[in-house]
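Down below is the structure, laid out as structure tokens.
The values are calculated or read from the model by the stated rules, or taken from the named source; none is laboratory data. A quick note: this is a predicted structure, and the numbers were derived from the prediction, not measured. Note that we place each Cβ from the backbone using ideal geometry, even for glycine, and neighbour counts take in every protein chain shown. Please note that ligands, DNA and RNA were not included when accessible areas were found on the heavy atoms of the full protein model with its side chains. Shrake-Rupley method; radii C 1.70, N 1.55, O 1.52, S 1.80 Å.
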Amino acid sequence: MNAKRFTLEAVEWAPWLPPVTLQTATPKQRAALDNSPQANSAYFRTLANDVDSLAERLPLFHAVMYVPRGLKRAERELATVVVSIINGCVYCSSVHARRFVELTKQPEIIRALYKQGVDTKLEPRLRAIVDYAAKLTREPATMTVADLAPLRAVGLDDLEIHDLTNAVAMFANANRLMQTLGEPVMPEGAA
Amino acid sequence: MTQLPETADLLESIIGVAPGSALSQLRAQRPDIVRHTQGSHDVLLSPVDPGGLSPAERALVAVRVAEISAHVGLAGHYRSLLAERGGPPHGERANTILRHVACVTAAPGTASHEHIDTLRAVGLDARDIVALTQVVAFVSYQVRAATGLALLAQEKVQ
């Protein structure tokens, strides 16, 4: 894990395929990009090569990460950082670790996850969330109802477990796109 | 174009969630997730314009991801879809695609720029490579979403 340069600094992303340019985008591609968080991002412009899948994925991602009620946003972000650490996605972990810190002002939790791994000591509620996220990422086929018991013990309700599941699932998706269509570009001076 | 059999919601049918059940009502609290999970499935597996990645190849890819992930229900669904469409021709192109699929599914952090060249060499263009990667990423998502939902469903009947 130390070979991967997980960071709380902003990381850029460089595509391995030519991204669609805003000048040459078809009206459909332009509409999908305008619906993305950042029309000019190289990542979304790369995905715009297959515009119909991008047009479905953008509202799916938004609904999983940002729709109100249910699991707190910070806890969704934390789950996605855990998934990204396990899958080795330096870019995704940087983006979502920073969102977690913005929401919680607790960078020490991220630093502990980066330094000691996902088994680092955490308060019970976060421990249960992290354990579920890790197992659903690594070995979904071995999971049983018993894996919900720690979440219930710290008080998660049905909607929170539903939201946690989808956040973990969404980053099984995001980490695969991000790491196999391009690569992270580290900030200057990063170790 | 091959049409999927009418499935109102693939995840619920695979897990065996009855319409109107507690779990179905739970999912209905997140209507955009339900809609765009099914929508992603439909545009990736049965696109109106498949470009250079055929419907049979898309089904083959989805079967492989579900099998590597050991999800019995999804593997069964995609095997039926593949059988309906007839498998794509055996050979270097299918082998190259499936090698890449195994990498993206099981070890996404090990992919490299050279993988893209290998895919281009068997005839995939930029759009096809993005579509291929989206299929793998989507089924990887679906496996986790289906697993978590199934746990909630099982918990309810205990």
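Considering only protein heavy atoms, with the full assembly of protein chains and a 1.4 angstrom probe, order B:His113, B:His100 by accessible area, largest first.
Ranking B:His113, B:His100 by accessible area, largest first, yields B:His113, B:His100.
Mind grabbing the interface size between A and B? I mean buried accessible area, both sides, 1.4 Å probe, in Å² to the nearest hundred.
The A and B chains share an interface burying roughly 4300 Å².
Can you give me the long-range amide H partners of A:Trp13? Hydrogens built in the peptide plane at 1.01 Å from N, cutoff under 5 Å, separation of 5 or more residues or another chain.
A:Val185
Compute the Rg to Rh ratio over the protein assembly as shown from the alpha carbon atoms, using the Kirkwood formula for Rh, and round to two decimal places.
On the Cα set of the protein assembly as shown, Rg over Rh gives 0.95.
At 1.4 Å probe size, with the rest of the protein present, what percent of the exposed accessible area of the protein assembly as shown is carbon and sulfur atoms?
Answer for the protein assembly as shown: carbon and sulfur cover 54 percent of the accessible area.
Heavy atoms of the protein only, probe of 1.4 Å, neighbouring chains included. What is the accessible area of B:Asp49 in Å², nearest 10?
Rounded to the nearest 10, the figure is 90 Å².
Could you state the angle between the C-alpha long axis of helix B:92-106 and the longest principal axis of the C-alpha atoms of chain B, as a value from 0 to 90 degrees rounded to the nearest 10?
50
In angstroms, what radius of gyration and Dmax does region B:10-154 have, counting Cα atoms only?
Cα-based Rg and Dmax for region B:10-154 come out at 15.9, 50 Å.
Could you work out the percent of alpha carbon pairs in region A:73-175 separated by over 21 Å, rounded to a whole number?
Of the Cα pairs, 25 percent sit more than 21 Å apart.
For B:Tyr78, A:Tyr66, what's the largest-to-smallest order of accessible area, 1.4 Å probe?
A:Tyr66, B:Tyr78
Over chain A, what is the mean sequence separation of C-alpha contacts under 8 Å (at least six apart), divided by residue count, expressed as relative contact order in percent?
Once divided by the residue count of chain A, the mean separation gives 33 percent.
Any idea how far the Cα center of region A:1-69 sits from the one of region B:136-152, in Å?
22
What average number of partner chain Cβ atoms lie no more than 10 Å from the Cβ of the residues making up B:30-39?
Per residue, the number of nearby Cβ atoms from other chains is 6 on average.
Between A:Gln38, A:Gln116, A:Gln23, which gets the highest mean-square fluctuation from a Gaussian network model of chain A, Cα cutoff 10 Å?
Evaluated over chain A, the most mobile residue of the options is A:Gln23.
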